[in-house]
Amino acid sequence: MRLVAFGAGYVGLVTGTGLSELGHDVLVVDIDPVRIEKLKDGVIPIYEPGLTDLVRRNERAGRLTFSSKVEPGYDEADIYFICVGTPPDANGAADVSAVMAVADTIASIAKKDALVAVKSTVPVGTGDGVQARLIKGSVRLEAASNPEFLKEGAAVNDFFRPDRIILGADSQRAHDILRELYAPLQLSGERVVMTDRRSSELIKYAANTMLAMRVSFMNELSRVCDALGADVHAVRAAVGSDVRIGPKFLYAGPGYGGSCFPKDVSALAMRARDAGVPLEVVEAAGRANEAQKAYVRDRAIAALEGG
């Protein structure tokens, strides 16, 4: 297939490169011309094990190219991927303006029927807004949701050996095209979950928020251990040995951070409140995370002062 990935950041670069490795012709587009020139020169803006070799190999093979605009021929792509950022706004909700701007661009340049797959983490219902913008074009464009689940430091492995591939669309045609795209990743077993667009958008938030809640729970438990004289490491190991719970994301620390958990927890909480269904447990996880930062800070200061 001929594919375009909008956004040469973490998600767009890994996704575009991975799809080119599967044999597709991929153009990665970014509005930052400096980043594009560096990519053309073989300079990768992020560190991800194995990614540099994949980029260079597929560039040499002619399957992967970079540009600050949609090049001729790619205005007849089969699938356009939206992989741009959705940072929190002043209220903690996700800012989807970049997503909508890309949708407008696709509607203005596409010359043949195609899918528009949103990989960006977006609030439930964003795909509806994307679809509304796509119908302004002269060809049939259908919005779909295809969220990413890439961990920093393991993104290449996560792309080629995913736990699951979520395909959210409102037509069988879209599901069939996306399933065909990811067929090479299905050889060792069924990994595709097909659902509607809104459910797909919520799955991403639900997964990240569940993990964040585990982190916040163990962080609060670590403070209880300090107060009661218990060993949080022994508690973690014993609790994690329960197969219903598992050992991952049970390490106490200074709170969760990174580019996803804080904004996704906040965005889900805001979206739920807007819908009249406040998520009390999710909001509590966010408050606990803020409290943990202060707790660890105070402990560190006390240790430095000899307290």
* Determine, yes or no, whether ARG299 is basic (Lys, Arg) and within 25 Å of the chain's Cα centre (by Cα). => no
* Taking the stretch 180-191, which residues are open to solvent by 80 Å² or more (accessible area, probe 1.4 Å) and among the charged types (D, E, K, R)? -> GLU180, GLU190
* **Cross-chain or 6+ apart pairs with Cβ under 6 Å, the stretch 179-196 first and of a type in the set (Ser, Thr, Tyr), then surrounded by 14 or more Cβ atoms within 10 Å (Cβ to Cβ)** => TYR182/ILE165; THR195/GLY168
* Take the residues of the stretch 72-107 that are under 17 Å from ASP30 (Cβ atoms) and of a type in the set (Val, Ile, Thr): which is modelled with the lowest pLDDT? -> THR86
* Considering each residue of the stretch 5-44, count those that are open to solvent by 40 Å² or more (accessible area, probe 1.4 Å), farther than 17 Å from PHE159 by Cβ and either of a type in the set (Val, Ile, Thr) or under 18 Å from the mean Cα position of the chain (by Cα) (or both), and give that number. => 3
* Single condition GLY129 does not satisfy, out of (1) open to solvent by 20 Å² or more (accessible area, probe 1.4 Å); (2) farther than 22 Å from HIS175 by Cβ; (3) in a helix (DSSP H, G or I) -> (2)
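Scan the stretch 176-189 and tell me whether some residue there is assigned to a loop (DSSP other than H, G, I, E, B) and of a type in the set (Gly, Ala, Ser). It would help to see each step written out before you state the result.
Start the filter on the stretch 176-189 by keeping residues that are assigned to a loop (DSSP other than H, G, I, E, B), which leaves 182, 187-189.
When the remaining residues are screened for being of a type in the set (Gly, Ala, Ser), the result is 188-189.
Within the stretch 176-189, one or more residues are assigned to a loop (DSSP other than H, G, I, E, B) and of a type in the set (Gly, Ala, Ser).
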* With respect to SER266, determine if the residue is closer than 30 Å to ILE82 by Cα, of a type in the set (Ser, Thr, Tyr) and in contact with a Pro (Cβ under 6 Å, 6 or more places away or on another chain). => yes
* **Conditions (1) charged (D, E, K, R); (2) open to solvent by 40 Å² or more (accessible area, probe 1.4 Å); (3) not in a helix (DSSP H, G or I): number failed by GLU48** => (2)
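Please specify each residue of the stretch 134-152 satisfying the condition of being touching a helix residue (DSSP H, G or I) at 6+ places or on another chain (Cβ under 6 Å) and either at pLDDT 95 or above or within 21 Å of THR195 (Cβ to Cβ) (or both). Before you say what the answer is, go through the steps one by one.
We begin by selecting, within the stretch 134-152, every residue touching a helix residue (DSSP H, G or I) at 6+ places or on another chain (Cβ under 6 Å); these are 134, 136-137, 141-145, 147-148, 150-151.
Those that are touching a helix residue (DSSP H, G or I) at 6+ places or on another chain (Cβ under 6 Å) and either at pLDDT 95 or above or within 21 Å of THR195 (Cβ to Cβ) (or both): LEU134, LEU141, GLU142, ALA143, ALA144, SER145, PRO147, GLU148, LEU150.
When you scan the stretch 240-273, how many residues do you find that are open to solvent by 50 Å² or more (accessible area, probe 1.4 Å) and of a type outside the set (D, E, K, R)? Break it down stepwise before answering.
To start, the set of residues in the stretch 240-273 that are open to solvent by 50 Å² or more (accessible area, probe 1.4 Å) comprises 241, 243-245, 247-249, 251, 254, 258-259, 262, 270-271, 273.
Subsequent filtering for residues that are of a type outside the set (D, E, K, R) retains 241, 243, 245, 247, 249, 251, 254, 258-259, 262, 270.
Of the residues in the stretch 240-273, 11 are open to solvent by 50 Å² or more (accessible area, probe 1.4 Å) and of a type outside the set (D, E, K, R).
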* Asked: Name the residues in the stretch 139-173 that are in contact (Cβ under 8 Å) with a residue 24 or more places away in the chain, more than 22 Å from the chain's Cα centre (by Cα) and surrounded by fewer than 22 Cβ atoms within 10 Å (Cβ to Cβ), would you?
  -> VAL139, ARG140, SER171, ARG173
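The values are calculated or read from the model by the stated rules, or taken from the named source; none is laboratory data. This one's a predicted model, so the numbers in the text were calculated from it and none came from an experiment. Methodologically, a virtual Cβ is constructed for each residue, glycine included, from the backbone with ideal geometry; neighbour enumeration extends over all protein chains shown. Just the protein is used for accessible areas: all its heavy atoms, side chains included, with ligands, DNA and RNA removed. Shrake-Rupley method; radii C 1.70, N 1.55, O 1.52, S 1.80 Å.
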